[in-house]
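Following: one structure in structure tokens, then a few remarks.
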Amino acid sequence: MAIDFLEHSDLIEECYEFLLGYAAQGLPSDEGSSAGREVRTRLQQARQAMIELRASCRRAIADQQLEPSAKYEAFCAMLARDAGDSLVAVELVLAQSSISSQLIDNLNASTHLRTLLTDLFLLGEVLRTRVKSPVAVEQK
């Protein structure tokens, strides 16, 4: 379902936005602040969304009957690779006993995470256009 994919995308995007603010706080650790407690939760939510992206991408393509399907399937495969690379980075951060603002700043700068976000923006726009106006899209 396209909505599942969009929800996963939103979770990852919201996490990234939160991480930008967290990085700017200059915290030496995730201990002792509400932002520190929230950073792990947001990263864990984004982690789960990354794991589920490929399956939700494929469901969205099928549900929306996107054509040419081979182009969309190729995009899903690329998305899965990019999500996998980002997942490795997120899991490395989650494995740390302390998550500083500097560590998050480095994660934010990761080209893997930025590539994934760009993928999500691209396919998200395609799906949002189709979900909002399937008749208008079909008439083109």
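None of the figures in this text is laboratory data; all of them are computed from the coordinates on show. The shown structure was predicted, so the numbers you read here are calculated from the model rather than taken from an experiment. Note: ideal-geometry Cβ built from the backbone for every residue, glycine included; neighbour counts use all protein chains shown.
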Checklist entry - Among Leu103, Leu53, Leu43, Leu92, which comes first, second and so on when ranked by fewest other beta-carbon atoms within 10 Å? => result Leu92, Leu103, Leu43, Leu53
Checklist entry - Tell me, in nm to one decimal, what length is gained between Ser34 and Phe121 on full extension, where the rule is 0.36 nm per residue of separation less the Cα-Cα distance? => result 28.4 nm
Checklist entry - What dipole magnitude, in Debye to the nearest 20, does the chain give about its Cα centre under +1 on Lys/Arg Cβ and -1 on Asp/Glu Cβ? => result 240 debye
Checklist entry - If one takes the longest principal axis of the Cα atoms in the chain, at what angle in degrees, from 0 to 90 and to the nearest 10, does the Cα axis of helix 69-94 lie? => result 10 degrees
Checklist entry - Can you tell me the Rg and the Dmax, both Å, for the Cα atoms in the chain? => result 16.6, 56
Item to check | HN-Hα J in Hz across region 108-115 - Karplus 6.51, -1.76, 1.60, θ = phi - 60°, x for Gly and Pro | outcome: 4, 7, 4, 5, 5, 5, 5, 5
Next on the checklist: Check the chain for me: any Cys whose beta-carbon has no other cysteine beta-carbon within less than 4.7 Å?
Outcome noted: Cys15
Checklist outcome for this item: In nm, the gap between the two label points placed 7 Å beyond Cα toward Cβ at Leu92 and Gln65 is 4.5 nm
Item to check | Which of Met50, Met78 has the fewest Cβ neighbours within 10 Å, and the rest in rising order | outcome: Met78, Met50
Next on the checklist: From the helices alone, meaning DSSP H stretches of at least four residues, give me the mean residue ellipticity at 222 nm for the chain, per-run term -39500 (n - 2.57), in deg cm²/dmol to the nearest 500.
Outcome noted: -28500 deg cm²/dmol
Checklist entry - Can you give the angle from 0 to 90° between the axis of helix 34-64 and the longest principal axis of the chain, with both taken from C-alpha atoms, to the nearest 10? => result 10 degrees
Item to check | Calculated FRET value between Gln102 and Arg128, using beta carbons and R₀ = 35 Å, to 0.05 | outcome: 0.50
